[in-house]
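Below is one structure, written out as structure tokens; comments come after it.
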């Protein structure tokens, strides 16, 4: 379904692909395009110019969580990753190689993950790395003509944001995302916590801090009265619903946290044989297991307040914080207005977008769009006409959402079953069990993915 049909009079054969951004989508696109035989210039402004949230100039630095979500069979995140593995995603291979224990989730050692990505890029002779800020793209910008993939991420610099706004002809959308705190492993009181995975799925890799009702109520009261970081005058705090700050969740109701990041269901305390009133989960950060992050505890509180309140959590009374939670601005384009299903612009087809700036949310989703943009861009420079990944796949469903959603109400999205191609009415009547329905959807997605990928390999072998 990706064909290499000649484009008479429009060929880009021989042109280099310029990729802006060294986070997740950019390196994935660069490695994929280079693997397909295209020459790539990969631009990353760090460490020459840093962002408000990054700490290094490393490729693939993970700013928020270290989790690429569920590896549970027949879940939507698992399906997306399995499709990417079938297509040979380089960054997903790095994630698998740097995985740390995380129950039924794929979590990585951040430092090792970045190191492996950098190693792959350094070993690829078709990729040339440029450590500089890009402020112009497209014809007349001084950046040059040809194919460009914008994968500058949610922390795109002001100058480049202005250039993208000029090209899109529409106002940027923005939401605010937060970073979870990290504590030193040796500072956790192991006598007050227990190891368990929810519903005993996978291995017991999470540290669980149980709270009784009285402890939970005191904790919520503290969150409700906590002093937040003051927003600058130009900031308008429009949080992404899938990643709300902890104190914002607490304001929505006293039990909101118990049905969200502090949900105790499926986490029986082996010491009591009972389910706690609430649970705070800690997930290991690296292979050395010397640090843990507080799962779902992104927040916008002052650092002193975080230390005071989070030390109320059983087991964290003497916690040493290696990183506090913080908030940063995330920028993305109104993709349904400007992008095609090939992830390129309708008005400027030589410019592709990938990653969170394209309107996806999540690490895996960012890598996925980088993989596709790399394939599509390489197809074009080699004189072909790419066909998009089919709707029946998780990859195709994700792209369909960001390019065909209601532009007036567009918000970034993670992969979910709601985005996947629905089952036909007869199957829905016949199959009542939700898990079985999901299994069937996954099975059909794999069939569509395998057919697309098989044809992709066939067409490439004929063309080269």
Quiz item: Do we find a residue being within 30 Å of residue 417 (Cα to Cα) and touching a residue at least 24 places away in the same chain (Cβ under 8 Å) anywhere in the range 41-61?
Solution: yes
Quiz item: Among the residues of the range 334-359, which ones are without any contact (Cβ under 8 Å) to a residue 40 or more places away in the chain and either under 19 Å from the mean Cα position of the chain (by Cα) or in a loop (DSSP other than H, G, I, E, B) (or both)?
Solution: 346, 349
Practice problem: Could you identify the single residue in 184, 112 that is closer than 30 Å to residue 198 by Cα, assigned by TED's automatic domain parsing to the domain that holds residue 246 and surrounded by fewer than 19 Cβ atoms within 10 Å (Cβ to Cβ)? | Solution: 184
Practice problem: Sort out which residues of the range 86-116 are part of a helix (DSSP H, G or I) and under 16 Å from the mean Cα position of the chain (by Cα), and write them in order of number. | Solution: 90, 91, 92, 93, 94, 95, 96, 110, 113, 114
Practice problem: Would you please name the residue that is farthest from residue 303 (Cα to Cα), looking only at residues in the range 315-333 that are in a loop (DSSP other than H, G, I, E, B) and in contact with a helix residue (DSSP H, G or I) (Cβ under 7 Å, 6 or more places away or on another chain)? | Solution: 333
Quiz item: Taking the range 198-214, which residues are at pLDDT 90 or above and outside any helix (DSSP H, G or I)?
Solution: 204, 205, 206, 207, 208, 209, 210, 211, 212
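The values are calculated or read from the model by the stated rules, or taken from the named source; none is laboratory data. Worth saying up front: this structure is predicted, and the values here are computed from it rather than measured. Backbone-built Cβ (ideal geometry, glycine too); neighbour counts: all protein chains shown.
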